[in-house]
There are 2 protein chains.
Amino acid sequence: MDRRILLLGLLRMQEMHGYQLNDFIDRRLDFVTDLKKPTAYYILDKLCKDGYVREATEQAGNRPERKVYYITPEGEECFQTLLRQNLATFEQAYYADDLGLVFMHSLAPQEVRTALEKKVVQIKREIAQLEELPAHNGPNDPVRLVLKHKIAHLQVDLEWINSLSRMLADRETWDDEPTNGTIDECLQVGDISNYQVKEFVQSYTRNK
Amino acid sequence: MDRRILLLGLLRMQEMHGYQLNDFIDRRLDFVTDLKKPTAYYILDKLCKDGYVREATEQAGNRPERKVYYITPEGEECFQTLLRQNLATFEQAYYADDLGLVFMHSLAPQEVRTALEKKVVQIKREIAQLEELPAHNGPNDPVRLVLKHKIAHLQVDLEWINSLSRMLADRETWDDEPTNGTIDECLQVGDISNYQVKEFVQSYTRNK
DNA sequence: GATGGTATAATCAAACTTGACTAGTCAGGC
DNA sequence: GCCTGACTAGTCAAGTTTGATTATACCATC
């Protein structure tokens with residue numbers, strides 16, 4: 001996830017100092033990325049070293065001095081390359097929330113269900129907030145398009161959790177599931193290492 | 001994204017050595033997480049230090065010795081806490097692919113379209129691969145449920161890109177868009193810092 | 001004119017992540 | 001009997017990320 005594209009893309013529009021960049025990302029691009037301030041400064045430094053960005057110190061009023069970042073021609077070229085690459089290749093996304101669900105069977109079905117209810121509330125709130133975000137430049141504002149993408153994902157999340165909830169609703173235990181410890185089953189059946197299988201087979205034949 | 005839950009959850013089912021853990025994650029949980037080997041070992045070490053996991057060295061055949069990890073009662077408790085928390089709270093997901101689209105206007109519409117076509121091919125291939133994954137334990141195998149979740153997201157991605165493509169199809173330039181540089185517009189209109197606004201107002205009034 | 005709160009601007013140490021590497025084992029071909 | 005390639009098992013240095021902190025400026029109000 002190359003976040004240089006974000007910084008270069010913004011500096012391309014307008015030279016900025018670090019605070020300004022971070023402030024803009026926090027306020028407007030909050031839902032696209034989780035780039036934190038120190039990381040942004042780190043990446044800016046790297047961009048400077050690579051010659052993609054130039055920095056100049058500036059004094060405004062009697063404020064402490066600050067660094068203003070400008071994109072260079074090489075930076076512009078780098079941005080174009082990164083952008084083409086970003087548009088043309090699919091990058092996997094991972095969902096931290098799904099990690100827990102893999103181990104759902106460790107808790108009683110009803111407890112899973114009540115926990116998921118809480119998550120649902122938060123997702124709904126999130127969707128509502130995203131839908132309220134102002135449109136700056138008509139319906140084809142790219143930021144707005146990305147926003148719609150995100151909302152669509154969240155709606156899938158809601159539907160998915162709801163269907164899961166229905167499955168859990170009339171269930172007190174996991175007893176009727178084919179395997180109680182699914183992962184366990186996998187491990188024991190299909191996922192012993194080649195080496196261990198062979199070792200086992202050998203010891204088995206020897207004992208015969 | 002607390003990946004301890006993953007390691008504890010697996011060790012809970014069966015004690016394992018590091019290679020076994022990593023191998024299982026690589027083969028079966030590949031689509032849920034991108035946990036890499038050295039990170040897994042790092043986290044295992046930390047879990048040991050915190051007393052959630054115990055390690056013992058073991059010798060199998062005349063293989064080099066290896067460390068076997070067992071979950072402790074404290075580890076089990078930690079796992080339960082993490083799991084409850086994971087199920088009950090919504091964790092934001094971010095899409096690296098959306099980062100580029102924010103800057104779509106930097107490239108000609110037709111170029112954006114052809115780039116996105118390539119991404120579409122990759123997403124379709126990814127969906128096909130995920131759909132082929134074997135079902136181990138009936139339709140309610142949690143891993144399978146998570147898989148479905150992921151596929152649903154990918155299908156949303158496809159639809160979304162397609163609708164974007166249709167918008168791009170009959171367009172040679174961005175000229176008819178309300179603003180050429182959307183971000184720029186945002187920056188200049190609404191996103192100057194409080195301090196800068198005040199500074200500007202002050203200098204303006206002084207000059208009067 | 002002291003005080004507390006927010007905004008501005010950035011840095012640092014500590015934690016986390018990863019690509020590249022080490023080092024031994026085993027099976028099969030020649 | 002030796003070589004190659006794949007498997008087993010893990011480590012390390014270098015790179016990345018972040019929570020906490022520093023430090024000054026401005027403003028309200030007491």
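The values are calculated or read from the model by the stated rules, or taken from the named source; none is laboratory data. This structure is a prediction, so every number in the text was calculated from the model and none was measured. Cβ atoms come from the backbone with ideal geometry, glycine included; neighbour counts cover every protein chain shown. SASA here: full protein model, heavy atoms, side chains in, ligands and nucleic acids out. Shrake-Rupley method; radii C 1.70, N 1.55, O 1.52, S 1.80 Å.
Structural remarks
- Alpha-carbon geometry of the stretch A:96-177: the Rg and the Dmax are 16.5, 55 Å, given in that order.
- Sequence-ordered 3J(HN,Hα) estimates for the stretch A:140-147 from the Karplus curve with 6.51, -1.76 and 1.60 and θ = phi - 60° stand at 9, 3, x, 4, 5, 4, 5, 4 Hz, glycine and proline given as x.
- Total accessible surface hidden between A and B, rounded to 100 Å², 1.4 Å probe: 9300 Å²
- In terms of packing, defined here as the mean over residues of other Cβ atoms within 10 angstrom, the peptides A:141-147, A:38-44 line up highest first as A:141-147, A:38-44.
- The mean number of Cβ atoms from other chains found within 10 Å of a Cβ in peptide A:6-16 is 4, as a whole number.
- Neighbouring Cβ atoms from other chains, within 10 Å of the Cβ of residues in B:169-176, number 0 on average.
- Accessible area per residue (1.4 Å probe, heavy atoms of protein chains only) ranks A:28, A:171 as A:28, A:171, with the largest value leading.
- Counting, for every residue in B:42-55, the Cβ atoms of other protein chains within 10 Å of its Cβ and taking the mean gives 0.
- Residues residue B:172 and residue B:41, FRET efficiency given R0 of 45 Å [Cβ-Cβ distance, rounded to 0.05]: 0.25
- The Cα atoms of the stretch A:4-88 cover 47, 29, 20 Å along the three principal axes, with the biggest extent listed first.
- The convex hull around the C-alpha trace of the stretch B:78-123, projected and averaged over every direction, spans 5.0 square nanometres.
- Euclidean distance between Cα centres, the stretch B:3-66 to the stretch A:86-112, Å: 19 Å
- For a straight C-alpha distance cut-off of 22 angstrom, the lysines reachable from residue A:118 (same-chain residues fewer than eight places away being disregarded) are A:150, B:148, B:150.
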